[in-house]
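Here is the structure we will look at.
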Amino acid sequence: MSLTKKLGAEFIGTFWLVLGGCGSAVLAAGFPDVGIGFLGVSLAFGLTVLTMAFAIGHISGCHLNPAVSFGLWSGGRFSTAELGPYIVAQVVGGISGAAVLYIIASGQAGFDVTAGFASNGYGEHSPGGYGLVAALTTVIVMTFMFLIIILGATDQRAPQGFAPIAIGLGLTLIHLISIPVTNTSVNPARSTAVAIFQGDWALSQLWLFWLAPIVGAILAGVVYRWFEAEEKDS
């Protein structure tokens, strides 16, 4: 598969992740009486990854996330040469998804993008008022576990054909745990996409949502390579 086609798939997949996941939070989570709430938003993010894993996994691997690309690279599953182009495609796809969401959301009277726009934050911008250390710890650990799930589910020794389900449900669980802490992000592209439109505090806190996911993902890649080395040695 050519790199151009892989990047096109990553663009579309990340576009869908932001539009579907953040869209559920912005458009449907707080709707009077029938809003989908935390559970619905968590499921929406999981479903975006699950559906795209089946749709484009055979084309690009369905990373949709710079942290996933770094984790797979760290785990020896992804080439250094493709790392930069993948990240660019993911960020641009995410921003495009956020742009479409902005167009839709701004069609409602009284819409205020500065109210949050599904942005990630800590301190006074955390849904539950969690501070910097709690947010940093949460994002590192959640991303670490997400990559362990991805690396394990896509291992050639794992049951074949079920990886998208495990990964999608894993992301759902991560959101169920961490929406109150940071509004959940284990994905720098997702965080960047909506922060650009929110501006202000979301951009000033964006550094955490790049640093922490990448650290967690790289650690997971190192740990899973150790598991693989143990298996080869036994």
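The table below gives the values:
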item	result
Segment 165-220 versus segment 78-106: alpha-carbon centroid distance in Å	14 Å
Where Trp73, Trp226, Trp201 fall by accessible area, highest first, once all protein chains stay in place (1.4 Å)	Trp226, Trp73, Trp201
Separation in nanometres of the label points that stand 7 Å from Cα toward Cβ, at Ala55 and Leu83	2.9 nm
Label point distance in nm, Asp200-Leu169, each placed 7 Å from Cα along Cα→Cβ	4.0 nm
Cα-based shape type of segment 57-133, given that a ≥ b ≥ c are square roots of the gyration tensor eigenvalues and the cut on a/c is 1.5	oblate
Helical mean residue ellipticity (222 nm; -39500 (n - 2.57) per DSSP H run of 4+; nearest 500) of the chain	-23000 deg cm²/dmol
Accessible surface, 1.4 Å probe, highest first, among residues Val41, Val100	Val100, Val41
Cα-based equivalent ellipsoid of the chain: semi-axis lengths in Å, sorted from largest, via gyration tensor	29, 19, 16
Mean separation of Cα contacts under 8 Å, 6 or more apart, over the residue count of segment 39-138: relative contact order %	11 percent
Residue (of Leu83, Val223, Val186) at the positive-pole extreme of segment 77-234, dipole from beta-carbon charges	Leu83
Mean Kyte hydropathy of 0.5 or more with a Cα span along the axis of at least 20 Å, helices from DSSP in the chain	3-17, 37-60, 80-105, 132-153, 163-182, 208-233
Anisotropy class of segment 147-217 from Cα gyration tensor, a/c 1.5 cut	prolate
Rounded to the nearest 10 Å², the accessible area of Met1 at probe 1.4 Å	130 Å²
Relative contact order computed over segment 156-234 (Cα-Cα under 8 Å; 6+ residues apart), in percent	19 percent
Most to least accessible of His58, His63 (protein chains only, probe 1.4 Å)	His58, His63
Solvent-accessible area of Val49 with every protein chain in place, 1.4 Å probe, in Å² to the nearest 10	10 Å²
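The values are calculated or read from the model by the stated rules, or taken from the named source; none is laboratory data. Predicted, not measured: the structure shown is a model, and the values here were computed from it. Heads up, the Cβs are rebuilt from the backbone with ideal geometry, glycines too, and the neighbour counts pull from every protein chain shown. Just so you know, the surface numbers come from the protein's heavy atoms only, side chains and all, with ligands and any DNA or RNA stripped out. Shrake-Rupley method; radii C 1.70, N 1.55, O 1.52, S 1.80 Å.
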